[in-house]
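What follows is a set of notes on a single structure, which appears directly below.
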Amino acid sequence: MTQKDNLAKQLKHYFGFDTFKGDQEAIINNLMKGNDMFVLMPTGGGKSLCYQLPSLLMEGTAIVVSPLIALMKNQVDVINGLGEGEGVAHFLNSSLNKAAILQVMDDVSRGVTKLLYVAPESLNKKENIEFFKTVRISFYAIDEAHCISEWGHDFRPEYRNIRHAIDEIGSAPIIALTATATDKVRTDIKRSLGIENALEYKSSFNRPNLYYEVRQKRSEKDTNAQIVQFIRKHAGKSGIIYCLSRKKVEELAEILKTNDIKAAPYHAGLDSATRSKTQDDFLMERIDVIVATIAFGMGIDKPDVRFVIHYDIPKSLEGYYQETGRAGRDGEEGICIAFYSRKDLDKLKKFMEGKPIAEQEIGRQLLQETAAYAESSVCRRKLLLHYFGEPYPKDNCGMCDNCLHPHQKREAKDALVMVLKAITAVKENFKQEYVVDFLEGKETEDILSHKHHELDDFGIGADEDEKLWNPVIRQALLAGYLRKDVENYGLLKITAAGKRFMKHPESFEVQEDIDASDDYEEDSTGAGAGALDPALYSMLRDLRKKVAQKLNLPPYVIFQDVSLEQMATMYPVNCQELQQIQGVGAGKAKRYGAEFLELIKRHCEENDIERPEELRVRTVAKGSLQKVKIIRNIDLKVALDDIAPALGLDFDELLDDIEDIVYSGTKIDIDYFLEDVMDEEHVDEIYEYFRESDTDDLETALDELGGDCTEEEIRLVRIKFLSEMAN
Ligand code: ADP
Ligand code: MG
């Protein structure tokens, strides 16, 4: 039997797979021959098998360095589930107690264990190193090897010491594996591990089934609304939403739940039982959407994640690529949407200010690449692949927003010549921003200190549109006229093609950048985009008065002013749209909505009004997590005087919140509590008062009702009244 047949047979025997994926076979063969290996394969490409299978076939124990404890357990379970007996795979990390560690060591010493997963910290521990010296090591596998480089997206300082530990333990072939690595990161990895001569296997990073889109983040509210609408359109499909902060994760998950979406939060602040339950629920499809910080997803093998949304701009394109890579692993639909705003970018930059200078410099450069990606109107796929050093030959990928809606191109031959001249003038020793300042003739401190303002070409581009320079430079990088020296903080260099272009300029068309607004409102209150339609507003008020008189109810009970204002801005014409209006719940829409909708519709038709596209989505009452918790507790019939201390509120503050909830259109039922604390007649008396009165003012009620009722009682019954009559 040839070696080839044999390996395929072993694959079938251990893993039940019929064929190798990609370069797996060649990688395994070469590793078994004793070569150091460097494997770059996109997420889901099948990297684990490249070390798992040979470990089972070779003599000794393979040591696998892996960054996440949760991942190790999972992989060990997989291997031990192959049926080759207990203890074939083990992990060694800080989560084990003494007895468990002894068991592991015993299995390793007896040669039972073929595959030992260790955390980098554990590998570097003195007592472990002493132990490993006594063990026959088949090879070392370094998974998620990009963690070695601070230029990657997940730097772990302990990864830096791996080579040192290996030197102590004893040499054996090393295989490094990662799903993301730019040239810079790749060099770092090889250097740090001392495997400069490793055989390299690099699969294409193109994921043809993934669709990429970047949307401008206009406001948080609007972003939430877009996300809810997107998920509704893709109901029942699995998706992941990444946010940068835990707080945002919690908030967004609540908003989704309030909109009847099966969602759960996931971040490192949750206890591990909750996290693993959430993970399970997602895999078992009891939950459709996970809202997560980046802590979620590494090693999650769910093949049919249909969308990945980035609520905030990612900190690096590497991270972005890795996270979007979790969509559509089965080769089917995978929609990747990122929300971008300059304001978020600035926030992240600010955030870095406390860090060491070198780290800041790196962080800023990584961020800049992400910003360039987001603002460019060039094919997203081309930009991403270029970032990973892979050319993309087609002009239009047909699977990103920029290719589906191509932007106008403009001739930039002369501009590129100017850029090349400027870079030459500063001796190819400066970064993009500096070159742009030079082109525009800005006498910055930096330029003055280099005396570059004295050069002939200083300010050669001053007459051009300043928005032109960044796209020209970036697209010249893509086209290969320029090169960024990543080793040296991204200095711009001219390539041979660039030099030829200077001598013989030819047509060079560029797409202008997308106009990213500098700012968005943190929380746009009130009506949003459009302007109030005064004619409609006054008609709506008249109608409200009429209805109120007919029903013998005060007008505010029908709809509050703010609701009418929004109606006169958003022009809702059906019941569902009406419910997107602030202060209008399902009950209210049904009870009072019809006449109002009729009026709005007629008004729109008669005046040829174009309604705003954007439909409002129901937000959590005034957007606060606290209120959602209150509603939940009331639904569970928890006594109000128990809810208050549990949420750290005074009883008064709790009533304030409940009033807000009710006034903004949500119906709640506190009868269970009233029955406990007030007698029925009392409740009826106050209830009747509000029915008759033309104001809901508390002071007036106190006066009118005289000394029988306390303020609290009045407020409680008013809540009941508003909830029943108004909502
Ligand atoms: P990576 O670590 O590269 O992201 P994994 O090692 O987790 O990817 O593998 C991804 C999926 O591909 C796993 O479900 C794995 O079982 C499967 N897989 C790996 N190799 C093969 C193969 N030769 N044939 C079929 N499936 C494979
Ligand atoms: Mg992996």
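A 29 angstrom limit on the alpha carbon distance is what I want to check against. Which of Lys382/Lys413; Lys382/Lys467; Lys202/Lys355; Lys442/Lys484 exceed it?
On the way: Lys382/Lys413 21 Å; Lys382/Lys467 21 Å; Lys202/Lys355 34 Å; Lys442/Lys484 22 Å.
Pairs exceeding the cut-off: Lys202/Lys355.
Quote the Stokes-Einstein diffusion coefficient, in whole µm² s⁻¹, for segment 185-342, based on the Kirkwood radius over alpha carbon pairs, a temperature of 20 °C and a viscosity of 1.002 mPa s.
Working: Rh = 16.5 Å.
Answer from the Stokes-Einstein relation: 130 µm²/s.
Taking 0.36 nm per residue of sequence separation and subtracting the Cα-Cα distance, how much length would be gained by fully extending the chain between Thr695 and Lys126, in nm to one decimal?
197.2 nm
Please compute one quarter of the surface area of the Cα convex hull for segment 624-725 and express it in square nanometres.
The directionally averaged projection comes out at 6.1 nm².
Any chance you could list the semi-axes, whole Å, largest first, of the equivalent ellipsoid that the Cα gyration tensor gives for segment 417-483, using √(5λ)? Each step should come with its number before you reach the end.
Values: eigenvalues 71, 33, 19 Å².
Semi-axis lengths for segment 417-483 are 19, 13, 10 Å.
Residue farthest toward the positive end of the dipole of the chain, with Cβ of Lys/Arg at +1 and Asp/Glu at -1: which of Ala198, Leu367, Phe15?
Result: Ala198, furthest along the dipole toward the positive end.
With the dipole of the chain worked out from charges on the C-beta (+1 for Lys and Arg, -1 for Asp and Glu) around the Cα centre, which of Ala646, Gln432, Gln560 lies farthest toward the positive end?
Of Ala646, Gln432, Gln560, it is Gln432.
Would you list, by chain and number, the aspartates and glutamates whose Cα falls below 16 Å from the Cα of Lys421, excluding same-chain residues fewer than 8 positions away?
Glu433, Asp437, Glu440, Glu454, Asp456, Asp457, Asp463, Glu464, Glu506
Under unit Cβ charges (Lys, Arg +1; Asp, Glu -1), what dipole magnitude, rounded to 20 debye, does segment 413-507 have relative to its Cα centre?
Approximately 640 debye in magnitude.
Treating only the Cβ atoms of Lys and Arg (+1) and Asp and Glu (-1) as charged, compute the dipole magnitude of segment 210-353 about its Cα centre; round to the nearest 20 debye.
Around 480 debye, computed over segment 210-353.
Hey, what did segment 210-353 get for relative contact order, percent, Cα under 8 Å, at least 6 apart?
Working: 232 pairs, mean separation 46.9, N = 144.
Rounded, it is 33 percent for segment 210-353.
Measure up Lys302/Lys347; Lys47/Lys73; Lys125/Lys190; Lys343/Lys667 against 28 Å on the Cα-Cα distance and list the ones that go over. Show your work: numbers first, answer last.
Numbers: Lys302/Lys347 33 Å; Lys47/Lys73 17 Å; Lys125/Lys190 23 Å; Lys343/Lys667 36 Å.
Violating the 28 Å Cα-Cα cut-off are Lys302/Lys347; Lys343/Lys667.
Which length gain, in nm to one decimal place, applies between Lys262 and Arg286 when the Cα-Cα distance is subtracted from 0.36 nm times their residue separation?
Taking 0.36 nm per residue and subtracting the Cα distance, the gain is 7.9 nm.
Viscosity 1.002 mPa s, temperature 20 °C: what is the translational diffusion coefficient of the chain from Stokes-Einstein with a Kirkwood Rh over Cα pairs, rounded to a whole number of µm²/s?
It diffuses with D of about 71 µm²/s by this estimate.
Relative to the Cα centre, what is the charge dipole magnitude of the chain, using +1 at the beta carbon of each Lys and Arg, -1 at the beta carbon of each Asp and Glu, and rounding to the nearest 20 debye? Don't skip to the end; give the middle numbers.
Details: 93 positive and 128 negative charges, 936 e Å.
The dipole magnitude comes to about 4500 debye.
Explain nothing, just the number: relative contact order of the chain, from Cα pairs under 8 Å at least 6 residues apart, as a whole percent.
After rounding, I find 10 percent.
What do you get for Rg/Rh of segment 530-685 when both radii come from the Cα atoms and Rh is the Kirkwood radius?
The Rg/Rh ratio comes out at 1.04.
Please identify the trypsin sites (Lys or Arg not before Pro) of segment 280-383 that satisfy two criteria: DSSP loop assignment and at most 13 other Cβ atoms within 10 Å. Which are they?
Values: sites: Arg286, Arg306, Lys315, Arg326, Arg329, Arg342, Lys343, Lys347, Lys349, Lys350, Arg364, Arg380, Arg381, Lys382; in loops: Arg286, Lys315, Arg326, Arg329.
Counting only loop positions with at most 13 other Cβ atoms within 10 Å, the trypsin sites (Lys or Arg not before Pro) in segment 280-383 are Arg286.
Out of segment 120-218, which chymotrypsin sites (Phe, Trp or Tyr not before Pro) are coil in DSSP terms and have no more than 10 other C-beta atoms within 10 Å?
Sparse-neighbourhood loop chymotrypsin sites (Phe, Trp or Tyr not before Pro): none present.
In nm², what is the average projected area of the convex hull enclosing the Cα atoms of segment 137-182?
Orientation-averaged projected area of the Cα hull: 3.2 nm².
Say the dipole of the chain comes from +1 at the beta carbon of Lys and Arg and -1 at that of Asp and Glu; which of Gly44, Ala62, Tyr481 then lies farthest toward its positive end?
Farthest towards the positive pole: Ala62.
How many percent of Cα pairs in segment 368-475 exceed 25 Å?
On the way: 1733 of 5778 pairs.
In whole percent, the share of Cα-Cα pairs in segment 368-475 beyond 25 Å is 30.
What do you get when you divide the Cα radius of gyration of segment 311-365 by 2.2 N^0.38 Å, with N the number of residues?
Rg over 2.2 N^0.38 Å, computed on Cα atoms: 1.40.
Considering every pair of different Cα atoms, what Kirkwood radius, in Å, is found for segment 3-202?
On the way: mean 1/r = 0.0594 Å⁻¹.
After inverting the mean inverse Cα-Cα distance, the result is 16.8 Å.
Counting each DSSP H run of 4 or more residues in the chain as -39500 (n - 2.57), what helix-only mean residue ellipticity at 222 nm follows after dividing by all residues, to the nearest 500 deg cm²/dmol?
My calculation for the chain gives -14500 deg cm²/dmol from helical runs alone.
Amide H to amide H, which residues 5 or more places from Val64 or on other chains are under 5 Å from it, using H placed in the peptide plane?
Correct list: Leu116, Tyr117, Val118, Ala141.
How much of the DSSP beta bridge set in the chain is antiparallel, as a percent to the nearest 5? Intermediate values should be presented prior to the final figure.
Details: 7 of 56 bridges.
Around 10 percent of the beta bridges assigned by DSSP in the chain are antiparallel ones.
Coordinate-derived values only; no laboratory data. Quick caveat: nothing in here was measured; it's all calculated off a predicted structure. Backbone-built Cβ (ideal geometry, glycine too); neighbour counts: all protein chains shown.
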